[in-house]
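A short write-up of the structure that comes next.
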Amino acid sequence: DPRAEVIGLIDADDLVEPHYLRETIPYFSDPKLGFIQTFEGNRNYEGSGYYTACVDSYQAFYLSNMSSRNERGSIPFVGTMGLFRRSALTSVGGWNEWCICEDTEASLRVAKDGWSGLYIPRCFGRGIVPPSFAGMLVQRHRWCFGAMQILRLHWRSLMPWDRSPGNQLTASQRRDYLMASLSWFRDLVMLAFSLLLLGITAQLVSGSDFVVSPLDGQQSLLPLSFIVVAALCMLATLRSWTTLSYGRSLTSLVISLSVAFVIARGCIEGVARRDGVFLRTSKAAGGRTVFGALRLTKWETALALALYASVGLLATVAHPPWLLMALIFIQASVYLCAPIASIWNLHASGVPGEAYRERFARRRRRAQRRRQAAWTPLARPAGAALAALCVGAAAAAFLAPVSLLHATTVTRAGDVSPTDTDVYLKIGSSYRAISLAQVTDRTLSFHTSDTVLLGEVLRAAAAGGELPHVGLAFRTRGADGRPDGERVRVFDAGTLVSVRERLSGTVAGSVSILLSQRSRTTTRPAGGLPRRGLPAAPAGTAYATLGGGSPAYPVKGVLASQTEAGRPLELRLTTSAAPLLRGILKGGRADVGGLALLVRDGRDAALLSQTFPALRVRSFASRRAGSLSGTATLAVP
């Protein structure tokens, strides 16, 4: 239809939610969005262990691979439950009928043309898992062969040195599309390694003088560790991204490994010849005999038996290479997954869907009854423990030690909510009002916008974080709101635990101080502390100078932070002054001789001044396209 602006692609066996278009079409309000890919779900598999394992292996791709690539704008289009902008497809010449994975190949060309793709991790449609193992083999072979065709056609565009005008792929997009094709070669390398193991076994058993670096002793540890680490990583990915149990993760891994030989053959055929034939994935059940299931995986079965036989032969030599035997045994188990999956599919397809769903429901009811039966003997002790916990929590609310001070809250700039206590802090020459103060486990945490207090904190943090004296003062007020008295508590020492100060724009900071156990408290009449009220957060303009008589340059986004005691104080700033950027980057990521920071208010009055004698460049990022700008993170040793 010439009026169509968006093309939707749906497999014939998908059941689509009626709100699919209503939920997805609005994303095309972005004029640069070329296509949308959604999560493709499955149906009619519940209760069958085999079909559940197949679904888990599919979902691992959508939940881990697609979600990860979506963060970098490099998702592929997988041919179903997706939408294509018509103008994006026609601008690159439409579908490439030469490629049997024309959907993914089209998404690559669209990305090269500057369009973006979006993955929506929501299920709007559910299809059928290939009922037969033969259908799954055909499906994986087609995907692999299509990936080889895409690699043959576009490998030059995926190289980092290609800068042709028509190629707008980013570095992450090139890497993702390239690795998506190269990752299929993993099973081909595994097949070559298996053949190498058979050759090494023949040499060791026959005592041949011609040796191809036999894997023995420590030489077997490297490939063995590769296999073990790869299997553990696959299991960990399934566990963390799909929240599957260990049992389901293992069965899903069996399904993934069962197609290893077919993928290796697809790589060979894809490299050897250019043209392929699109073979539709059969959604009908296959043969119903064990012999037919084993004949379907005859090459995998033969390879597994040959590798197991190699283990037996190596056990007969004078000095059996145990590590090599373990390596061959693991490799044989990989190819044994194919006949296991084929026979497993034979058993699953022979059971009507209603039967295994009812069987699944019965197992779930039995498991629920077992859990209830296991809980019954523990119900009374658990109830007693819960009652004791509640009583203890209620008693703790009354018996817990009272906090050293209560919080004062700021309702608006310069205005303090009416409470009965004002709190002041002294770490320099005078007491300054603070807000949102609380003490827990001798750690004082507070917020402030007082630039004098922030300057003292910054000076102490740059000097190592040790404070010789810390004073806390509380001024109480009577019923009429007038000051009633002042209580001062002076701690012998303190240590800055964490600091976070914003020194440009609206000046503010959050500070935590670890107070010493030794302190003294005095009480005096009201009058020694400043008047009630917190200063409004000032608006400051920051300047930085590198010392040696150099001029001051404006900086913005100035943030001083220290995450914990003993860690370096970090100073982060952004500037567009080229001399300041050159001075910071002088000598690469090395020491900066010195830097002075000055913060002034709107009337050009100095709010805060601090000199750092030595800093180290922790990180630096600059933008040279358009207006020059750079952001540096400097650490005070």
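Out of Thr24, Thr52, report the one residue that is open to solvent by less than 30 Å² (accessible area, probe 1.4 Å), under 30 Å from Ser349 (Cα atoms) and touching a Phe, Trp or Tyr at 6+ places or on another chain (Cβ under 8 Å).
Working: Thr24 fails: under 30 Å from Ser349 (Cα atoms).
After applying the criteria, what remains is Thr52.
Considering only residues that are assigned to a loop (DSSP other than H, G, I, E, B) and either free of Cβ contacts under 8 Å to residues at least 12 places away in the same chain or in contact with a Phe, Trp or Tyr (Cβ under 9 Å, 6 or more places away or on another chain) (or both), look in the stretch 291-335 and name the one that is least open to solvent (accessible area, probe 1.4 Å). Even if it seems obvious, please write down each step before you answer.
Within the stretch 291-335, the subset assigned to a loop (DSSP other than H, G, I, E, B) is 297, 315-321.
Subsequent filtering for residues that are either free of Cβ contacts under 8 Å to residues at least 12 places away in the same chain or in contact with a Phe, Trp or Tyr (Cβ under 9 Å, 6 or more places away or on another chain) (or both) retains 297, 315, 318-320.
Details: Thr297: 0, Ala315: 50, Ala318: 92, His319: 159, Pro320: 35 Å².
Across the stretch 291-335, the extreme among qualifying residues is Thr297.
Taking Ala493 and the conditions (1) at pLDDT 85 or above; (2) touching a helix residue (DSSP H, G or I) at 6+ places or on another chain (Cβ under 8 Å); (3) surrounded by fewer than 21 Cβ atoms within 10 Å (Cβ to Cβ), which numbered condition does it fall short on, given that it satisfies the others?
For Ala493, the failing item is (2).
Name the residue that is modelled with the highest pLDDT, counting only residues in the stretch 200-235 that are over 18 Å from Ile328 (Cα atoms) and more than 30 Å from the chain's Cα centre (by Cα).
Checked the stretch 200-235; the qualifying residue modelled with the highest pLDDT is Gly207.
Within the stretch 105-131, track down each residue that is open to solvent by less than 10 Å² (accessible area, probe 1.4 Å), part of a loop (DSSP other than H, G, I, E, B) and touching a Ser or Thr at 6+ places or on another chain (Cβ under 7 Å).
The answer is Pro130, and nothing else.
Can you find a residue in the stretch 169-178 that is open to solvent by 50 Å² or more (accessible area, probe 1.4 Å), assigned to a helix (DSSP H, G or I), closer than 26 Å to Ile330 by Cα and at pLDDT 90 or above? Step through it out loud before you land on a result.
The first filter runs over the stretch 169-178 and keeps only residues open to solvent by 50 Å² or more (accessible area, probe 1.4 Å), leaving 170-171, 175.
Those still in the list that are assigned to a helix (DSSP H, G or I) too: 171, 175.
From what is left, the residues that are closer than 26 Å to Ile330 by Cα are none.
No, because not a single residue in the stretch 169-178 is open to solvent by 50 Å² or more (accessible area, probe 1.4 Å), assigned to a helix (DSSP H, G or I), closer than 26 Å to Ile330 by Cα and at pLDDT 90 or above.
Just for the stretch 539-556: of the residues that are within 26 Å of Ser512 (Cα to Cα) and at pLDDT 85 or above, which one is surrounded by the fewest Cβ atoms within 10 Å (Cβ to Cβ)?
My answer is Lys556.
Answer with yes or no whether Ala88 is more than 19 Å from Arg175 (Cα to Cα), in contact (Cβ under 8 Å) with a residue 40 or more places away in the chain, in a helix (DSSP H, G or I) and open to solvent by 10 Å² or more (accessible area, probe 1.4 Å).
Numbers: more than 19 Å from Arg175 (Cα to Cα): yes; in contact (Cβ under 8 Å) with a residue 40 or more places away in the chain: yes; in a helix (DSSP H, G or I): yes; open to solvent by 10 Å² or more (accessible area, probe 1.4 Å): no.
Taking the combined requirement at face value, the residue does not satisfy it.
Which number in (1) open to solvent by 10 Å² or more (accessible area, probe 1.4 Å); (2) under 27 Å from the mean Cα position of the chain (by Cα); (3) modelled with pLDDT of 90 or more; (4) of a type outside the set (Lys, Arg) marks the one condition that Gly94 misses?
Result: Gly94 passes all but (2).
Is it the case that some residue within the stretch 449-460 is within 26 Å of Asp601 (Cα to Cα), in contact with a Ser or Thr (Cβ under 8 Å, 6 or more places away or on another chain) and at pLDDT below 85? Please lay out each step first, then the result.
To start, the set of residues in the stretch 449-460 that are within 26 Å of Asp601 (Cα to Cα) comprises 449-460.
After this cut, where a residue has to be in contact with a Ser or Thr (Cβ under 8 Å, 6 or more places away or on another chain) as well, the list is 449, 452, 454-455.
The next check asks that each one be at pLDDT below 85; those that pass are 449, 452.
Yes, there is a match, as at least one residue in the stretch 449-460 is within 26 Å of Asp601 (Cα to Cα), in contact with a Ser or Thr (Cβ under 8 Å, 6 or more places away or on another chain) and at pLDDT below 85.
Can you spot a residue in the stretch 316-332 that is at pLDDT below 75 and of a type in the set (A, V, I, L, M)?
There is at least one residue in the stretch 316-332 that is at pLDDT below 75 and of a type in the set (A, V, I, L, M).
The values are calculated or read from the model by the stated rules, or taken from the named source; none is laboratory data. Remember, it's a predicted structure, so these values are computed and weren't measured experimentally. Note that we place each Cβ from the backbone using ideal geometry, even for glycine, and neighbour counts take in every protein chain shown. The accessibility values were calculated without ligands, DNA or RNA, using every heavy atom of the protein model including side chains. Shrake-Rupley method; radii C 1.70, N 1.55, O 1.52, S 1.80 Å.
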